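Data first, discussion second: the structure below is written as structure tokens.
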Amino acid sequence: MTTIGFIGAGNIGSTVAKLAVDAGYDVVVSNSRGPETLADLVAELGPKARADTAAGAAEAGDVVVVTVPLKAYRQVPVEPRKPEEKS
Ligand SMILES: NC(=O)c1ccc[n+]([C@@H]2O[C@H](COP(=O)([O-])OP(=O)(O)OC[C@H]3O[C@@H](n4cnc5c(N)ncnc54)[C@H](OP(=O)(O)O)[C@@H]3O)[C@@H](O)[C@H]2O)c1
């Protein structure tokens, strides 16, 4: 099953994550404060969801959705998404 990683789990990220779970995808959500702060969202999303660091969500996702404020774009972890590292 395809896993969608989410970097940013605010208004947009959490809404798209809910839609993704409803559509049958596994999701990995992340934010700037750490996975422990996403316990309520993970509980709401159910067993197809887990939280990780932003790098962990990038690594886990077959597809990654980034919904951070524009000012934070330089902090988006691109290393796990390099084509040569992800088949
Ligand atoms: N909502 C709208 O209707 C709307 C419309 C047009 C444009 N936008 C733009 O779209 C973007 C997202 O909107 P939103 O409403 O979803 O924003 P939001 O509710 O403020 O959520 C932003 C998310 O990004 C996370 N984040 C911030 N810096 C991060 C970093 N360095 N690494 C990982 N995660 C990080 C935040 O985590 P923490 O809470 O832990 O910091 C939060 O989960 C914003 O730039 C906004 O201006 C939004």
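Where a number appears in this text, it was derived from the coordinates with a stated rule and is not lab data. Being a predicted model, the structure only gives us computed values, none of them experimental. With ideal geometry, Cβ positions are generated from the backbone for all residues, glycine too; neighbour counts draw on all protein chains shown.
A few notes on this one:
- Each of Asp22, Asp40 was scored by other Cβ atoms within 10 Å of its Cβ. Listed from fewest to most, they are Asp40, Asp22.
- Oblate is the label for the chain, because a/c, from the alpha-carbon gyration tensor with a ≥ b ≥ c as root eigenvalues, is 1.5 or above and a/b does not exceed b/c.
- Around the Cα centre of segment 1-48, unit charges on the Cβ atoms of Lys, Arg, Asp and Glu (plus for the first two, minus for the last two) sum to a dipole of about 100 debye.
- Counted by neighbouring Cβ atoms within 10 Å, the residues Thr53, Thr2 run from fewest to most as Thr2, Thr53.
- In the chain, helices alone account for a calculated mean residue ellipticity at 222 nm of -8500 deg cm²/dmol, with every DSSP H run of four or more residues adding -39,500 (n - 2.57).
- Sequence-distant contacts, meaning Cα pairs under 8 Å at least 6 residues apart, place the relative contact order of the chain at 36 percent.
- Check: the chain dipole with +1 on Lys, Arg Cβ and -1 on Asp, Glu Cβ, in debye: 280
- Sorted by Cβ neighbour density within 10 Å, fewest at the top, the residues Leu70, Leu19: Leu70, Leu19
- Two-site label geometry, Asn11 and Glu44: point separation in nm, points 7 Å out along Cα→Cβ: 1.4
- Distance between the 7 Å Cα→Cβ label points at Leu19 and Arg74: 3.1 nm.
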